[in-house]
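K.L.:
Take this structure first; my questions come after.
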Amino acid sequence: MIKKYNIKNQKGFSLIEMMVVVVILGLIVLGLVTFFTGGAKSWVAGQSQLKAQREARQAIDRMVREIREGNNFVIGGGNDSVTISYLPSFGKDSITYKLSVGDVIEREVNSVPSRLINNVKTLSFTSVDSSKVHIILEVDVDEDDNPDITLNTDVNLRNYGLLE
């Protein structure tokens with residue numbers, strides 16, 4: 001007795017072939033998901049870094065502008081604060097910038113404090129001479145105790161020694 005197989009009825013895939021295809025496609029999808037997730041995390045980290053850089057630049061620009069307008073300055077004991085005094089025509093007596101608890105730079109005008117920037121690792125003011133201040137600002141974006149952004153600048157007081 002000879003068995004005859006009908007070739008017309010053998011169209012399609014076997015169960016093993018389907019399982020192999022599903023496993024291969026699963027591995028490809030897993031690789032793509034991993035790739036896109038890593039890219040999204042990098043983009044979010046880059047955006048937070050960019051935001052922190054922008055805020056640090058704005059903070060130091062404000063400090064530079066207001067220190068430059070002053071006619072005298074006094075650096076605090078730990079070099080992490082500076083008080084700038086102004087000529088009476090400016091309409092303000094003094095402004096103090098200081099690093100406060102919680103890694104925040106505070107700007108205090110007439111004894112009213114306001115927050116300027118968070119996540120500050122280091123704020124240092126040093127007197128280059130009696131009319132020039134050197135500022136170092138370090139910001140830690142990812143809170144790993146290593147500063148991610150470092151800005152430093154020298155500021156000359158334009159109104160140094162002037163009296164009204």
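K.L.:
Quick check on my filter: what residues within the stretch 114-141 are without any contact (Cβ under 8 Å) to a residue 40 or more places away in the chain and either among the charged types (D, E, K, R) or touching a Ser or Thr at 6+ places or on another chain (Cβ under 7 Å) (or both)?
P.N.:
R115, K121, D129, K132, H134, I136, E138, D140, listed by residue number.
K.L.:
Might you let me know whether the stretch 119-136 holds any residue that is out of contact with any strand residue (DSSP E or B) (no Cβ under 8 Å at 6 or more places or on another chain), of a type outside the set (G, A, S) and surrounded by 15 or more Cβ atoms within 10 Å (Cβ to Cβ)? Write out each step before concluding.
P.N.:
In the first step, residues of the stretch 119-136 are kept if they are out of contact with any strand residue (DSSP E or B) (no Cβ under 8 Å at 6 or more places or on another chain); the result is 129-130.
Then keep just the ones that are of a type outside the set (G, A, S); that gives 129.
Those still in the list that are surrounded by 15 or more Cβ atoms within 10 Å (Cβ to Cβ) too: none.
No, because not a single residue in the stretch 119-136 is out of contact with any strand residue (DSSP E or B) (no Cβ under 8 Å at 6 or more places or on another chain), of a type outside the set (G, A, S) and surrounded by 15 or more Cβ atoms within 10 Å (Cβ to Cβ).
K.L.:
What about A52, is it out of contact with any Ser or Thr (no Cβ under 7 Å at 6 or more places or on another chain), assigned to a helix (DSSP H, G or I), farther than 27 Å from G91 by Cα and in contact (Cβ under 8 Å) with a residue 24 or more places away in the chain?
P.N.:
yes
K.L.:
Here's another thing I want to ask about it. Does the stretch 25-35 contain any residue that is in contact (Cβ under 8 Å) with a residue 12 or more places away in the chain, surrounded by fewer than 15 Cβ atoms within 10 Å (Cβ to Cβ) and either among the acidic types (D, E) or in a helix (DSSP H, G or I) (or both)?
P.N.:
Here is the first cut: in the stretch 25-35, the residues in contact (Cβ under 8 Å) with a residue 12 or more places away in the chain are none.
No: zero hits.
K.L.:
Just to check your reading of the model, which residue among R57, R68 is under 18 Å from T153 (Cα atoms), under 14 Å from the mean Cα position of the chain (by Cα) and either surrounded by fewer than 18 Cβ atoms within 10 Å (Cβ to Cβ) or of a type in the set (K, R) (or both)? Working first, answer last.
P.N.:
Details: R68 fails: under 14 Å from the mean Cα position of the chain (by Cα).
None of the other options fit; the residue is R57.
K.L.:
Only one of these is within 28 Å of D145 (Cα to Cα), without any contact (Cβ under 8 Å) to a residue 40 or more places away in the chain and exposed (fewer than 11 other Cβ atoms within 10 Å of the Cβ): S42, S111. Name it. Walk me through how you get there before you give the answer.
P.N.:
On the way: S111 fails: within 28 Å of D145 (Cα to Cα).
Sole residue among the options that is within 28 Å of D145 (Cα to Cα), without any contact (Cβ under 8 Å) to a residue 40 or more places away in the chain and exposed (fewer than 11 other Cβ atoms within 10 Å of the Cβ): S42.
K.L.:
Please specify each residue of the stretch 94-139 satisfying the condition of being touching an Asp or Glu at 6+ places or on another chain (Cβ under 9 Å), at pLDDT below 90 and among the acidic types (D, E).
P.N.:
The one that is touching an Asp or Glu at 6+ places or on another chain (Cβ under 9 Å), at pLDDT below 90 and among the acidic types (D, E): D103.
K.L.:
Looking at the stretch 98-118 only, could you name the residues that are out of contact with any strand residue (DSSP E or B) (no Cβ under 6 Å at 6 or more places or on another chain) and of a type in the set (A, V, I, L, M, F, W, C)? Step through it out loud before you land on a result.
P.N.:
Residues of the stretch 98-118 that are out of contact with any strand residue (DSSP E or B) (no Cβ under 6 Å at 6 or more places or on another chain), as a first pass: 101-102, 110-112.
Answer for the stretch 98-118, where residues must be out of contact with any strand residue (DSSP E or B) (no Cβ under 6 Å at 6 or more places or on another chain) and of a type in the set (A, V, I, L, M, F, W, C): V101, V112.
K.L.:
Hey, among the residues in the stretch 71-108 that are in contact (Cβ under 8 Å) with a residue 24 or more places away in the chain and of a type in the set (S, T, N, Q), which one's surrounded by the fewest Cβ atoms within 10 Å (Cβ to Cβ)?
P.N.:
S89
K.L.:
Further question on the same structure: Among the numbered criteria (1) within 18 Å of the chain's Cα centre (by Cα); (2) in a loop (DSSP other than H, G, I, E, B), which one does G78 miss?
P.N.:
(1)
The values are calculated or read from the model by the stated rules, or taken from the named source; none is laboratory data. In this text the structure is predicted, and so the values were computed from the model without any measurement. A quick note on method: Cβ atoms are made from the backbone with ideal geometry, for glycine too, and the neighbour counts reach across all protein chains shown.
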